[in-house]
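Asks: Here it is, the structure, as structure tokens.
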Ligand SMILES: Cc1cc2nc3c(=O)[nH]c(=O)nc-3n(C[C@H](O)[C@H](O)[C@H](O)COP(=O)(O)OP(=O)(O)OC[C@H]3O[C@@H](n4cnc5c(N)ncnc54)[C@H](O)[C@@H]3O)c2cc1C
């Protein structure tokens, strides 16, 4: 391809940088613009949790994680599969491994060495990065307008890839500011909503003051047909953590419909009811009731506090409940969720550019030559590596789409 083809990639997260790599490998001259003073801040933050890059399960199990977006995302993920993502990391000197849950991580368990190697490769490919460039709109000549420390700047590009992320953790750069820009340009956007998020609960002052920040470990959470094992954390206003995130899409939708949702907590999922009853039936002697629960069921103080909190809202006195009733409560503790915790605290966002707005090559139908990728598109997925996999894969697809468009119809 002629090196005169100038491509602007806006957004230096995993989706944008991946699009830049594909475009540069295809012979284009690429400049990546980002609003922040450094690149890929959310990716680096993901690295703090070990950087769960993708998941090792078969694609037949992998793809349905994207729920109703699965058929739409499938071609991109089949074309840049979890194994290809692992190979790509390996080629950057960052081999990966499969953890016990099937999740895939770099051996280094962080993002910075991978990002450093990736930026070196991009630099060697001739990709330039312009920081502190906040995209604000197009002008009437179709040029991209950026706010920069030196004032507004207009950039003409032969093609553009937008990869501006969702709106969670806005201090890392992706703040959803692009929604109003694209909407004003006639592009339909499914509203951004918290995904992999916490929920609000009307805790008593006593419970919140005592247990805020404490983890409920080794529990199971159920909602509707789905049950997940894992961990949750009590927050000042509610509950969050891995097991909560896994159910968050269904919980969020139920709350949107009914104004609340009842989450069921199993404090000792490994103990069957008869075993619980037997343990709770042993003579208590002079022990306090909390001590009985701690010793008989090995419940943590926060688990006991939660049991007491729920009993109080139901007008029950735990210490006078018969063992059968108590056992039922221990393994089916209903918690009323009253709302979602804000988008800013969520791990990711649902919603984004409506799928109908894009063609099969991730080009905006209303703006030929402008492509979009990553979390700013209308899909959501649980944690487990699915977010990064889809961000990388749509970055590859948008990059290839832009190359194809430039070859077929773009300016010469
Ligand atoms: C705490 C945390 C942990 C996570 N851990 C994992 C994990 O382990 N595994 C996983 O799969 N996913 C994880 N994720 C999610 C994952 O990081 C995101 O889904 C992914 O980064 C999205 O990639 P993206 O390139 O689409 O957007 P982003 O990474 O959000 O990048 C978008 C970029 O666009 C820039 N930008 C935004 N607006 C403008 C503008 N107007 N002009 C110019 N630039 C702009 C931003 O500064 C940013 O650099 C985690 C998220 C968080 C918050």
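The values are calculated or read from the model by the stated rules, or taken from the named source; none is laboratory data. Values in this document were obtained by computation on a predicted structure and should not be read as measured data. FYI the Cβ positions are ideal-geometry reconstructions off the backbone, even for glycines, and counts take in every protein chain you see.
Asks: Search the range 371-385 for residues being surrounded by fewer than 24 Cβ atoms within 10 Å (Cβ to Cβ) and within 8 Å of the ligand (Cβ to nearest atom), and hand back the single one that is nearest to residue 354 (Cα to Cα). Write out each step before concluding.
Replies: Going through the range 371-385, the residues surrounded by fewer than 24 Cβ atoms within 10 Å (Cβ to Cβ) turn out to be 378, 382-384.
If we keep only those that are within 8 Å of the ligand (Cβ to nearest atom) too, we end up with 383-384.
Working: 383: 22, 384: 24 Å.
Checked the range 371-385; the qualifying residue nearest to residue 354 (Cα to Cα) is 383.
Asks: Kindly provide the set of residues from the range 269-284 that are farther than 16 Å from residue 322 by Cα and either out of contact with any strand residue (DSSP E or B) (no Cβ under 6 Å at 6 or more places or on another chain) or at pLDDT below 95 (or both), ordered by number. Full working, then the answer.
Replies: Restricting attention to the range 269-284, the residues satisfying the condition of being farther than 16 Å from residue 322 by Cα are 269-272.
Answer for the range 269-284, where residues must be farther than 16 Å from residue 322 by Cα and either out of contact with any strand residue (DSSP E or B) (no Cβ under 6 Å at 6 or more places or on another chain) or at pLDDT below 95 (or both): 270, 271, 272.
Asks: Another question, if that's okay. Taking the stated definitions as given, is residue 266 closer than 25 Å to residue 166 by Cα, touching a residue at least 12 places away in the same chain (Cβ under 8 Å) and either surrounded by fewer than 23 Cβ atoms within 10 Å (Cβ to Cβ) or out of contact with any strand residue (DSSP E or B) (no Cβ under 7 Å at 6 or more places or on another chain) (or both)? Please lay out each step first, then the result.
Replies: On the way: closer than 25 Å to residue 166 by Cα: no; touching a residue at least 12 places away in the same chain (Cβ under 8 Å): yes; either surrounded by fewer than 23 Cβ atoms within 10 Å (Cβ to Cβ) or out of contact with any strand residue (DSSP E or B) (no Cβ under 7 Å at 6 or more places or on another chain) (or both): yes.
The answer is no for residue 266.
Matching residues to (1) assigned to a strand (DSSP E or B); (2) more than 9 Å from the ligand (Cβ to nearest atom); (3) surrounded by fewer than 18 Cβ atoms within 10 Å (Cβ to Cβ):
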site	(1), (2), (3)
30	yes, yes, no
35	no, no, no
45	no, no, yes
50	no, no, yes
60	no, yes, yes
64	no, yes, yes
70	no, yes, yes
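Asks: If residue 336 passes every condition in (1) away from the ligand (no atom under 16 Å from the Cβ); (2) in contact with a strand residue (DSSP E or B) (Cβ under 9 Å, 6 or more places away or on another chain); (3) assigned to a helix (DSSP H, G or I) but one, which one does it miss?
Replies: (3)
Asks: Shifting gears a bit: Within the range 1-28, can you find the residues that are within 10 Å of the ligand (Cβ to nearest atom) and assigned to a helix (DSSP H, G or I)?
Replies: 14, 15, 16, 17, 18, 19
Asks: Can you report the number of residues in the range 177-199 which are crowded, with 20+ Cβ neighbours inside 10 Å and at positive phi?
Replies: 1
Asks: Looking at (1) more than 20 Å from the chain's Cα centre (by Cα); (2) under 23 Å from residue 49 (Cβ atoms), which is the only condition residue 183 fails?
Replies: (2)
Asks: Of the residues that make up the range 347-355, is at least one within 16 Å of the ligand (Cβ to nearest atom), part of a loop (DSSP other than H, G, I, E, B) and either buried (at least 21 other Cβ atoms within 10 Å of the Cβ) or more than 25 Å from the chain's Cα centre (by Cα) (or both)?
Replies: Residues of the range 347-355 that are within 16 Å of the ligand (Cβ to nearest atom), as a first pass: 347-353, 355.
In the following step, the residues that additionally are part of a loop (DSSP other than H, G, I, E, B) were identified as 347.
With either buried (at least 21 other Cβ atoms within 10 Å of the Cβ) or more than 25 Å from the chain's Cα centre (by Cα) (or both) added as a condition, the list becomes 347.
Yes: the range 347-355 contains one or more residues that are within 16 Å of the ligand (Cβ to nearest atom), part of a loop (DSSP other than H, G, I, E, B) and either buried (at least 21 other Cβ atoms within 10 Å of the Cβ) or more than 25 Å from the chain's Cα centre (by Cα) (or both).
Asks: Report, by residue number, each residue of the range 224-243 that is within 22 Å of residue 65 (Cα to Cα) and touching a helix residue (DSSP H, G or I) at 6+ places or on another chain (Cβ under 8 Å). Show your work before the answer.
Replies: Initial filter on the range 224-243 (within 22 Å of residue 65 (Cα to Cα)): 224-232, 240-243.
224, 226, 228, 229, 230, 231, 232, 240, listed by residue number.
Asks: For residue 368, work out the one condition from (1) in contact with a strand residue (DSSP E or B) (Cβ under 8 Å, 6 or more places away or on another chain); (2) more than 14 Å from the ligand (Cβ to nearest atom); (3) not assigned by TED's automatic domain parsing to the domain that holds residue 290 it doesn't fulfil.
Replies: Residue 368 satisfies every listed condition except (1).
Asks: Now for a separate question. So is residue 242 at positive phi, assigned by TED's automatic domain parsing to the domain that holds residue 332 and either at pLDDT 95 or above or crowded, with 18+ Cβ neighbours inside 10 Å (or both) or not? Working first, answer last.
Replies: Values: at positive phi: no; assigned by TED's automatic domain parsing to the domain that holds residue 332: yes; either at pLDDT 95 or above or crowded, with 18+ Cβ neighbours inside 10 Å (or both): yes.
It is false that residue 242 is at positive phi, assigned by TED's automatic domain parsing to the domain that holds residue 332 and either at pLDDT 95 or above or crowded, with 18+ Cβ neighbours inside 10 Å (or both).
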